[in-house]
């Protein structure tokens with residue numbers, strides 16, 4: 001088999017990407033606007049995307065397209081029902097961020113639980129210089145040992161987060177949810193996880209059933225000393241409710257690596273949150289050098305195996 005392969009948003013991946021072995025033509029574009037998609041995919045058999053939307057109205061104009069290779073685990077940018085109906089294979093990336101995302105989540109957890117940002121700010125403001133003893137106690141410091149970690153999403157990344165939590169001596173709870181479910185995992189009712197957890201970490205996909213999963217009612221069920229960590233998808237949390245929860249002290253803090261709109265534009269409310277108990281990073285939890293190279297290698301493996309008639313990681 002031969003065919004034309006086009007990568008529409010190459011700049012979203014900082015790793016070496018090998019040319020698919022079967023490709024008669026391979027083209028990379030650093031980024032692609034929606035208005036450019038059809039023109040750039042003209043005659044293409046395979047489209048490689050990360051965040052470029054592939055909706056029905058676009059796909060109808062690309063009769064030669066046979067596969068969409070998503071350079072990410074999430075594939076909500078693709079109209080999967082249309083692809084299934086029209087025989088377009090869609091493959092995503094599996095198990096590539098099982099170390100880097102949990103590590104990022106715990107970097108946030110540790111910084112917030114021990115109030116590192118607040119203490120660093122105090123040092124910068126000269127509080128230590130004025131102290132009459134060797135240290136000072138302006139902020140609470142909590143241990144992870146003995147605390148409860150609630151995880152929503154029991155896939156490979158959720159399991160990786162649980163493993164780190166157990167290594168710290170934390171009690172780990174997985175929140176119950178609708179099928180499918182991971183074999184061998186003991187689940188706790190969702191509301192119980194919200195009520196009992198000292199740290200809640202989100203690792204589930206964004207779907208209609210999980211959009212705004214954490215809303216104001218959920219925040220009100222949480223402990224006042226709880227932390228909320230989101231390294232999964234922005235739409236899982238009602239962002240206005242998060243701001244209200246922080247302002248009213250419904251939770252002790254939050255660490256977010258994702259937003260509902262990315263990149264955020266001027267005026268996004270979370271960009272204006274200036275609190276030592278809130279950490280916002282620019283969707284980089286997945287982006288360690290090792291994880292990105294693993295992703296890039298699997299991305300082309302997915303394409304080559306599909307071309308050889310032995311597909312892997314298909315979502316349709």
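The values are calculated or read from the model by the stated rules, or taken from the named source; none is laboratory data. What you are looking at is a predicted structure, and each value in this text was computed from that prediction instead of being measured. Every residue, glycine among them, receives a Cβ derived from its backbone with ideal geometry; neighbour counts consider all protein chains shown.
For residues that are in contact with a helix residue (DSSP H, G or I) (Cβ under 7 Å, 6 or more places away or on another chain) and part of a strand (DSSP E or B), tally how many sit in the range 153-173.
2
Determine which member of the set 95, 129 is part of a loop (DSSP other than H, G, I, E, B) and without any contact (Cβ under 8 Å) to a residue 60 or more places away in the chain.
Result of the check over 95, 129: 129.
Please give the number of the condition residue 117 fails out of (1) modelled with pLDDT of 95 or more; (2) outside the structural domain of residue 172 (by TED's automatic domain parsing).
Of everything listed in (1) modelled with pLDDT of 95 or more; (2) outside the structural domain of residue 172 (by TED's automatic domain parsing), residue 117 misses just condition (2).
Identify, by number, the condition in (1) surrounded by fewer than 20 Cβ atoms within 10 Å (Cβ to Cβ); (2) touching a strand residue (DSSP E or B) at 6+ places or on another chain (Cβ under 7 Å) that residue 6 doesn't meet.
(1) is the only condition that residue 6 fails.
Condition check ((1) more than 30 Å from residue 79 (Cα to Cα); (2) under 26 Å from the mean Cα position of the chain (by Cα); (3) in the same structural domain as residue 165 (by TED's automatic domain parsing)) across all residues:
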position: 90; (1), (2), (3): no, yes, no
position: 108; (1), (2), (3): yes, yes, yes
position: 112; (1), (2), (3): yes, yes, yes
position: 121; (1), (2), (3): yes, no, yes
position: 126; (1), (2), (3): yes, no, yes
position: 129; (1), (2), (3): yes, no, yes
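Please go through the range 51-69 and give me each residue that is in contact with a strand residue (DSSP E or B) (Cβ under 7 Å, 6 or more places away or on another chain), without any contact (Cβ under 8 Å) to a residue 60 or more places away in the chain and assigned to a loop (DSSP other than H, G, I, E, B), ordered by number.
65 - this is the single residue of the range 51-69 that is in contact with a strand residue (DSSP E or B) (Cβ under 7 Å, 6 or more places away or on another chain), without any contact (Cβ under 8 Å) to a residue 60 or more places away in the chain and assigned to a loop (DSSP other than H, G, I, E, B).
Go through the range 3-50 and give me each residue that's under 25 Å from residue 84 (Cα atoms) and assigned to a helix (DSSP H, G or I).
Result: 34, 35, 36, 37, 38, 39, 40.
Report whether or not residue 97 is at pLDDT 95 or above, on the phi < 0 side of the Ramachandran plot and surrounded by 17 or more Cβ atoms within 10 Å (Cβ to Cβ).
In short, no.
If I ask for residues that are touching a residue at least 12 places away in the same chain (Cβ under 8 Å), outside any loop (DSSP other than H, G, I, E, B) and surrounded by fewer than 22 Cβ atoms within 10 Å (Cβ to Cβ), which ones from the range 211-245 would you list?
Within the range 211-245, 216, 218, 220, 221, 234, 235, 239, 240, 241, 243, 244 meet the criteria.
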